[in-house]
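Step one of this worksheet: look at the structure below.
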């Protein structure tokens, strides 16, 4: 688990800006700023079950997140976990 930590307020100790192709995604978890962490965290669970923390400010991350947020706008509540299937 690259950059993933237990027992810390934030779950990501470090992040990567390196591109991860969406075909490798199993799930994206978006953790908003809150009492536990002062920054937005984005975790990608890959199909090989490795979890990678990605830089939310990376241009490619913003594009991927916007694509899936737009797809899930019609769901009830705020989607914090987006399960990807059948990409693209």
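Cβ-Cβ contacts under 7 Å between residues 6 or more apart (or on different chains), taken from a first residue in the stretch 35-57 that is more than 15 Å from residue 18 (Cβ to Cβ) to a second residue that is surrounded by 19 or more Cβ atoms within 10 Å (Cβ to Cβ) and modelled with pLDDT of 95 or more, are listed as 41/53.
For the stretch 30-49, give me each residue that is in contact with a strand residue (DSSP E or B) (Cβ under 7 Å, 6 or more places away or on another chain) and over 12 Å from residue 12 (Cα atoms). Residues satisfying the conditions are 45, 46, 47. Entry remark, the stretch 19-31: residues being under 15 Å from residue 62 (Cβ atoms) and loosely packed, with under 13 Cβ neighbours inside 10 Å number 1 in total. Sub-7 Å Cβ pairs linking a first residue in the stretch 60-75 that is closer than 12 Å to residue 42 by Cβ to a second residue that is assigned to a helix (DSSP H, G or I) and at pLDDT 75 or above, at least 6 apart or interchain, are 64/22, ordered by first then second residue.
The values are calculated or read from the model by the stated rules, or taken from the named source; none is laboratory data. Because the structure is predicted, anything quoted here is derived from the model rather than measured. Don't worry about glycine lacking a Cβ; one is built from the backbone with ideal geometry, like all the others, and counts go over all protein chains shown.
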